[in-house]
Amino acid sequence: MRFADPALAAIERKLDAGESLSMEDGLALYRTRDIHSLGRMARSVKERKSGKKVFYVLNRYINSTNVCFAGCTFCSFAADEFKEAERVFRMTADQVYAKALETGTNFNQLHIVGGHDPRQLSLDYWLPLMRRFKENLPHVQLSLFTAAEIEYMAKRHRLSFPAIVASLKEAGLDNVNGGAAEIFADGTRAKICPNKVSAADWLAIHEELHRQGIASNATMLYGHIESIEDRVDHFIRLRESQARSPGYNAFIPLAFHPDGNELSYCGWTSGLDDLRTFAVARLMLDNFDHIKAYWMIQGLKICQAALHFGADDMDGTHGSTDEEMIYHSAGTQSGQYVDDREFRRLIEEAGYVPVRRNSTYEEFPWDWTPPPLGSARHDKVELVEA
């Protein structure tokens, strides 16, 4: 491959030799003007890992509450129940269960996102609900919580990280969402989410999940006040965490959305920055199998282009009655639902083969249908004490 930027030639030689890229390499990738070669390099690495496959999942997405006292400066979703009572919503466990089944049972992943809500973020709320889902929907993998929520519950119940992870595992947790990673760099993190789980504890919780056999994803929020050094540092910390305790399935870049929050002056990310970040992530995270382009955040067109910049996953369809609120509160113009036929069309148009999956990347025929409702039962799960 010929390069307009000679720095890329040296980086390609390292990739071909199986060497992990350094901080200096990552910065060179972010600074290069040879965006086409960067994309080709990322696509080559992606195809060595996934071939021509691009994954998607039939899922349901539920925001169970918007009450949160974390006070993150980039968030437009959270509501303070004492100051903004008119904005507050909080679903009961029965409402969450009913919402999940609102459009039937033909989905493989249940993705639930909430906040630091003292009245909901409790094992007393979640363990019975998780058991109920597992009892009646054995084909559905539960993709719940972030490390921030797990840390909050651990403190609330005075449990160690291993103990709370064991309790959640016994109740049926299959996968933990990658949110709350934001940016690991301490100085930047202290400015954007000072009350949220620390970078060290985020990594410790994910590594404990992996040790106990629970998969997870990882994210990075970019396009606000962070530097490119912060971004590359984030990739390196994730790569080192994966080496210590393998279990991350996918990395998902999350573009900052500015509407209605304290960092609105940062504006929107550009399409080139989005595509560059997919590519750099793919090249830096050599021990991650998948890079996910989340259409709800990036939009379908950028996600389709990202398939040529290292991404091999377009995330989930969501249900036709789902209402994602976190990014829609911050100004995303994407819709709420994508028919799986549209996913397959976009993937095929980009030159790839669409593959339906679940949270842990088990593959399914596109027309797979689930077993009858309530076809399995799980034993009662007891809280594991510290």
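We did not get these values from a lab; they are worked out from the coordinates using the rules stated. Please read all numbers here as calculations on a predicted model, not as lab measurements. So basically every Cβ, Gly included, is an ideal-geometry build from the backbone, and we count neighbours across all protein chains shown.
What the table shows:
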read-out	value
Check on Asp233, among the acidic types (Asp, Glu), more than 21 Å from Tyr56 (Cβ to Cβ) and surrounded by fewer than 19 Cβ atoms within 10 Å (Cβ to Cβ)	no
Residue in the range 210-218 that is assigned to a helix (DSSP H, G or I) and either of a type in the set (Val, Ile, Thr) or more than 18 Å from Ser20 (Cα to Cα) (or both) present	yes
Single residue of Ala93, Ala79 found to be farther than 29 Å from Gln304 by Cβ and surrounded by fewer than 19 Cβ atoms within 10 Å (Cβ to Cβ)	Ala93
Residue identified as among the β-branched types (Val, Ile, Thr), surrounded by fewer than 19 Cβ atoms within 10 Å (Cβ to Cβ) and out of contact with any Pro (no Cβ under 8 Å at 6 or more places or on another chain) among Ile62, Ile35	Ile35
Condition broken by Phe55, with the remaining ones in (1) of a type in the set (A, V, I, L, M, F, W, C); (2) out of contact with any strand residue (DSSP E or B) (no Cβ under 7 Å at 6 or more places or on another chain); (3) closer than 20 Å to Ala250 by Cβ satisfied	(2)
Qualifying residue in the range 236-259 (condition: touching a helix residue (DSSP H, G or I) at 6+ places or on another chain (Cβ under 6 Å), within 19 Å of Phe309 (Cα to Cα) and part of a helix (DSSP H, G or I))	no
Residue selected from the range 117-152 under the condition touching a Phe, Trp or Tyr at 6+ places or on another chain (Cβ under 8 Å), assigned to a helix (DSSP H, G or I) and of a type in the set (A, V, I, L, M), by the criterion farthest from Pro371 (Cα to Cα)	Ala148
Of residues in the range 91-116 being among the polar types (S, T, N, Q) and assigned to a loop (DSSP other than H, G, I, E, B), the one nearest to Asp174 (Cα to Cα)	Asn108
